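Beneath this line is the structure, given in structure tokens, with notes to follow.
The values are calculated or read from the model by the stated rules, or taken from the named source; none is laboratory data. This is a predicted model, so every value here is computed, not measured. Because the Cβ atoms are built from the backbone with ideal geometry, glycine has one as well, and the counts that use them run over all protein chains shown. Quick note on the areas: whole protein, heavy atoms, side chains included, nothing else; ligands and nucleic acids left out. Shrake-Rupley method; radii C 1.70, N 1.55, O 1.52, S 1.80 Å.
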Amino acid sequence: MPFTHTFLVPEIYLDFRCKGGACRASCCENWDIAVSQDEYFRLLGMDCPPEIRRRLDCAFCAPREISPERFRLLAPRFDGDCPLRAEDGLCALQLRCGEAALPAVCRLYPRAVHTEFAYECACSNSCEAVVEQLLAREAPLTFCNAELTFPEAPPPGRHLRRPRGKYSAVRQLCGEILQKRALPLPERLLRVGEALRVLEPLLDAPAGDFGAAVERLALCDAPLPPVAMDASAGFASARALLETLAADKCSLAPRWQAAAPHLPNAAAFFRERRAFAARFPTWERDLEQLLVHHLFYDRFPFSDWHERFQDEFAALCALYGLLRLLLTGYTAEVPTREGFADAAAAAFRLVEHTRFDHNAAVLLRRQGGAFPGNLLAL
Ligand code: SF4
């Protein structure tokens with residue numbers, strides 16, 4: 001049954017259009033697309049043209065762990081593409097049987113509907129069309145309320161133990177700090193970390209104390225505590241993180257393989273970093289747009305129920321370091337705006353569709369040292 005509600009969305013959400021067959025790295029490629037038990041049996045019993053039936057009958061395999069929500073996977077073809085994709089890049093299932101025939105994940109992607117803490121909806125930065133929307137935008141990202149309808153009600157999520165006002169205030173503050181363009185981006189990130197450090201113990205404090213702290217922090221005028229910012233150590237950290245993450249077969253792997261030869265050591269990175277800044281003079285604004293959109297999509301710093309704010313902040317620093325190295329190295333190989341967008345979308349496929357927050361915090365903790373500051377020095 002269709003579900004309609006007012007959602008908070010980034011304004012660019014309303015202009016999103018899938019690029020369809022024109023997409024360079026389609027979401028149909030190299031992904032294990034999971035379908036639920038109900039969807040699986042619906043697709044197997046569906047009345048459809050013989051060509052689609054042939055494709056559907058050979059399209060599924062069982063995941064390692066089966067659940068009603070993740071009952072079968074659409075097994076990629078030998079070349080990594082979805083078996084239901086037509087030669088022109090469009091979805092044969094949708095073309096021949098209509099949008100209603102698609103599994104829920106294909107109908108929704110790249111949108112994510114969140115109802116756990118507040119009604120929020122955003123597209124994922126893992127879609128190249130979304131990244132391109134963000135890179136084309138000069139003004140800071142803005143948000144608005146929009147009435148949206150989805151084919152079904154989203155599953156009920158967890159509920160915040162604290163008043164929703166505090167959830168929204170922390171998230172809004174993080175976004176506002178990241179958009180203070182008078183400050184260099186690494187300083188804005190450090191101030192987000194400082195805000196989280198101050199606010200975490202106040203989450204259960206009276207609303208007045210909490211609100212006063214938020215107002216103070218929003219000014220961004222207090223001196224920051226001293227923090228080690230060693231770019232060479234940050235390079236070693238970010239490179240080790242990328243090597244570990246790209247060792248698995250994932251979207252990041254081919255982009256990092258192209259980037260890594262350009263960044264054999266910190267000195268090479270510093271050289272390429274200058275070339276990157278000359279090639280993309282708006283890189284700081286571009287990264288701001290990607291990060292602000294990501295924080296909203298990911299419900300930062302509440303994205304993982306079990307994480308502490310400082311772990312969420314560590315993951316944000318890891319993401320910054322990862323993007324700095326990947327974008328610098330990859331665009332040394334593919335020096336175009338498309339190369340920038342493709343590498344960013346590949347990074348966010350990993351970051352937004354796995355437990356990156358948790359894994360990055362664990363990996364960085366194992367490395368030890370003053371990693372947030374070092375990564376922000378990149
Ligand atoms: S990645 Fe985005 S633009 Fe490309 S096919 Fe998927 S939804 Fe469309």
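Some points to look at:
- The lone exception for Pro301 - which of (1) within 14 Å of the chain's Cα centre (by Cα); (2) free of Cβ contacts under 8 Å to residues at least 12 places away in the same chain it fails: (2)
- Subset tally (residues that are among the polar types (S, T, N, Q) and open to solvent by 60 Å² or more (accessible area, probe 1.4 Å)) for segment 239-298: 3
- Within segment 203-221, considering residues that are outside any helix (DSSP H, G or I), of a type in the set (A, V, I, L, M, F, W, C) and free of Cβ contacts under 8 Å to residues at least 24 places away in the same chain, the one nearest to Asn265 (Cα to Cα): Leu219
- Checklist (1) assigned to a loop (DSSP other than H, G, I, E, B); (2) touching a residue at least 24 places away in the same chain (Cβ under 8 Å) applied to Phe276, failing item: (1)
- Meets criteria (acidic (Asp, Glu) and touching a residue at least 60 places away in the same chain (Cβ under 8 Å)) for Glu288: yes
- Candidate set from segment 1-44 (those that are part of a strand (DSSP E or B) and open to solvent by 40 Å² or more (accessible area, probe 1.4 Å)); member that is farthest from the ligand (Cβ to nearest atom): Thr6
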